[in-house]
Amino acid sequence: HGLLYDYGGAPLFTRIFWTSLTFVDPLAALLLFVRPHTGLVLTAAIIVSDVLHNTLVGGLSLNGMYISQVVFLLFVVCTVHIAWRGISSHPHHKTMQSANQPTLTEHMYNKENLTKLKKMDSLAPQVMKAFWAFDKAALAEGAIPVKYKELIAIAVAHTTQCPYCIDIHSGNARKAGATDAEIVEAAMVAAALRAGAAVTHATHALPN
């Protein structure tokens, strides 16, 4: 009969349902180990749907197999919340959960955050309009060529430690003709200035 066994002349829906359990049951067992919460939900869904199906198709029965399914259903209903809490409190689960969650730094500097700039434009239109105009004017061609302004921006971005600015202005600098060597040298100038500030401020740690 292939995968769709007739189960002694059972209706088509029943044959499809019972055959699907051939695949769903081992999947639930596997998920209980690799994705415990998902496996728990699937296990509960299987026994609920199984009892519901058998009740609708065969009605209430004193058949031993049917009674064992109902008893197991009651057991699952009464204990699923305990198992759920146990999984949540297990150290391994907490470790896996933490590993799958972005760190604070990853969340803070996710480039998708930049899409919120449009919302800021609508929340503070006058201020943001003035900011964008100022930003555009400050980086426009002038006494200092655009390429060098972008290199300055890269150096400043490294001192302010803004990943967004580093990414944006590195790209703009390359478009303006800057090489990787020039970008790195700009960053090294920033590093020298930051280091120099620490060195000169160290004089305050010495007695007069």
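General observations
- Angle in degrees between helix 12-34 and the longest Cα principal axis of the chain, rounded to the nearest 10: 50
- Sorted by Cβ neighbour density within 10 Å, fewest at the top, the residues PHE33, PHE17: PHE33, PHE17
- Under 20 Å from the Cα of LYS118 - aspartates and glutamates, other chains or at least 8 residues apart: ASP135, ASP167
- Comparing HIS204, ALA187, ILE154 along the charge dipole axis of region 104-208, the residue lying farthest to the positive side is ILE154, per the Cβ-charge model.
- Those aspartates and glutamates that a straight Cα-Cα span of less than 16 Å connects to LYS136, excepting residues fewer than 8 apart in one chain: ASP121, GLU150
- Counting only alpha carbon atoms, the long axis of helix 91-100 and the longest principal axis of the chain meet at about 50°.
- Alpha-carbon geometry of the chain: the Rg and the Dmax are 32.4, 101 Å, given in that order.
- Temperature 37 °C, viscosity 0.692 mPa s: under these conditions the Stokes-Einstein estimate for region 29-85, based on its Kirkwood radius over C-alpha pairs, is 272 µm² per second.
- Charge dipole of region 113-167 (Cα centre as origin; +1 on each Lys and Arg Cβ, -1 on each Asp and Glu Cβ, all else neutral): 180 debye, rounded to the nearest 20.
- Here is the short version for the chain: CYS78 have no other Cys C-beta closer than 4.7 Å.
Values quoted throughout were computed directly from the atomic coordinates according to the rules given, and no laboratory measurement underlies them. Quantities reported herein were computed from a predicted structural model and do not represent experimental measurements. We place every Cβ from the backbone using ideal geometry, glycine too, and count neighbours over all the protein chains shown.
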